[in-house]
1. For Q243, are the conditions met, namely being touching a Leu at 6+ places or on another chain (Cβ under 6 Å), buried (at least 18 other Cβ atoms within 10 Å of the Cβ) and among the polar types (S, T, N, Q)?
2. Looking only at residues that are of a type in the set (S, T, Y) and at pLDDT below 70 in segment 318-337, which one is least open to solvent (accessible area, probe 1.4 Å)?
3. Please pick out the residue among I215, I236 that is surrounded by fewer than 19 Cβ atoms within 10 Å (Cβ to Cβ), among the β-branched types (V, I, T) and within 16 Å of C153 (Cα to Cα).
4. I'm told H51 meets every condition in (1) modelled with pLDDT of 95 or more; (2) touching a Lys or Arg at 6+ places or on another chain (Cβ under 7 Å); (3) in a loop (DSSP other than H, G, I, E, B) except one. Can you identify the failing condition by its number?
5. Would you mention how many residues in segment 83-98 are touching a helix residue (DSSP H, G or I) at 6+ places or on another chain (Cβ under 7 Å), free of Cβ contacts under 8 Å to residues at least 40 places away in the same chain and outside any loop (DSSP other than H, G, I, E, B)?
6. Out of all the residues in segment 92-109, which are under 17 Å from the mean Cα position of the chain (by Cα) and over 14 Å from Q327 (Cα atoms)?
7. Being aliphatic (A, V, I, L, M), farther than 25 Å from V225 by Cα, touching a residue at least 12 places away in the same chain (Cβ under 8 Å) and touching a helix residue (DSSP H, G or I) at 6+ places or on another chain (Cβ under 8 Å) narrows it down to one residue among V280, V258; which is it?
Amino acid sequence: MITIEQHLALYRIMARIRAFEEAAEQASLGGVAVFGAVAAAGGAQVRGPLHLSTGQEAVAAGVCFWLEPDDYITSTHRGHGHTLAKGTEVNAMMAELFGRATGSNGGKGGSMHIADPRMGVLGANGIVAAGIPIAVGAAHAIKIQDGNQIVACFFGDGAINRGPFLEGLNWAKVYHLPVLFVCEDNQYAATTRSALMTGGRGVGARAKSIGIDAITVDGNDVIEVAHAAKEMTSRIRAKQGPQFLHAITYRLKGHVSVDQAGYRDPEERELALLRDPLGVAEAQMTRQGIDCTSLEAIRALAAAEIAAALAVAQAAPYPKPEEAYCQVQDCGAGSWY
């Protein structure tokens, strides 16, 4: 049972993720004046590919809600939501997107490779499915050390057709590892409908064929995600082995921030908007007696926090040129870790 207080907490996480993604999107397109923090500066302030998780907030919130600070996650190139939900500080995250020295990775990871080892965020990853063996390796290390942590491994539906998917699940099953596999199924592998490129009975069936328990949920309903994630993380902590969560959601934006998603039927997106995770949660809570003004205040607080983070990021210094080769391979004494 998810209490109303927990529902509100989950909504706060989703509101922060949405505000962050909207701000980052504007900064990548040439300005952030719309957020009242800084004026447009004649070009994009966040450089390089920016993969937004707008519309997928319920998955990150519902899973990470049950993780402890010393638990671990691995993420994807679309990893801002996971990183925020796990607890990475928002100013450090925004500064990392801006390539500033105060970023969580010293401005050298950027959006697609953001990490925060202090919070157990082992990193986003630009290679599809590459986070799976990293998660499995971390879980195996936990087992060897007789630890109590678990690993949540996020990946998209495009990853299930990659080799590391089978290898990772098989290894986790054979060695009874403490890992929760989370397939964040937004129904598109970049610009291609994943269903067109996936044989057999789909995601959950592949996990079950290896002997891993799998549950499919509505990934736009944070309560449904949270219920399943709570049950599955409890099983893992009880030493019942790896679990698999298949969350069906929808990416409201294009593959990257400049992608207009012309390959999708506009009506498809309009229908998806009716199942916006924040809207679904708002409808649920208003039926439970939560006043709309309370939800509006949560969104306003999130927007103000992100606006402040934008200002901090833009004012932060860039990494020093002489430190270009520091913290790249052997971190040593100069590590941000």
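The values are calculated or read from the model by the stated rules, or taken from the named source; none is laboratory data. Being a predicted model, the structure only gives us computed values, none of them experimental. Glycine also receives a Cβ, built like all others from the backbone with ideal geometry; neighbour counts cover every protein chain displayed. In case anyone asks, the SASA skips ligands and DNA or RNA and just uses the protein heavy atoms, side chains included. Shrake-Rupley method; radii C 1.70, N 1.55, O 1.52, S 1.80 Å.
1. Details: touching a Leu at 6+ places or on another chain (Cβ under 6 Å): yes; buried (at least 18 other Cβ atoms within 10 Å of the Cβ): yes; among the polar types (S, T, N, Q): yes.
Yes; evaluated as a whole, the condition is true for this residue.
2. Just the residues of segment 318-337 that are of a type in the set (S, T, Y), to begin with: 318, 325, 335, 337.
When the remaining residues are screened for being at pLDDT below 70, the result is 335, 337.
Numbers: S335: 36, Y337: 142 Å².
Taking the candidates together, the pick is S335.
3. Working: I236 fails: surrounded by fewer than 19 Cβ atoms within 10 Å (Cβ to Cβ).
Going through I215, I236 in turn, just one is surrounded by fewer than 19 Cβ atoms within 10 Å (Cβ to Cβ), among the β-branched types (V, I, T) and within 16 Å of C153 (Cα to Cα): I215.
4. The failed condition is (1).
5. 1
6. Within segment 92-109, A92, M93, M94, E96, L97 meet the criteria.
7. On the way: V280 fails: farther than 25 Å from V225 by Cα.
Being aliphatic (A, V, I, L, M), farther than 25 Å from V225 by Cα, touching a residue at least 12 places away in the same chain (Cβ under 8 Å) and touching a helix residue (DSSP H, G or I) at 6+ places or on another chain (Cβ under 8 Å) holds for just one of V280, V258, which is V258.
Quick grid of which residues meet (1) closer than 24 Å to G163 by Cα; (2) β-branched (V, I, T); (3) open to solvent by 10 Å² or more (accessible area, probe 1.4 Å):
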position: Q56; (1), (2), (3): no, no, no
position: K86; (1), (2), (3): no, no, yes
position: I114; (1), (2), (3): yes, yes, no
position: A130; (1), (2), (3): yes, no, yes
position: A139; (1), (2), (3): yes, no, no
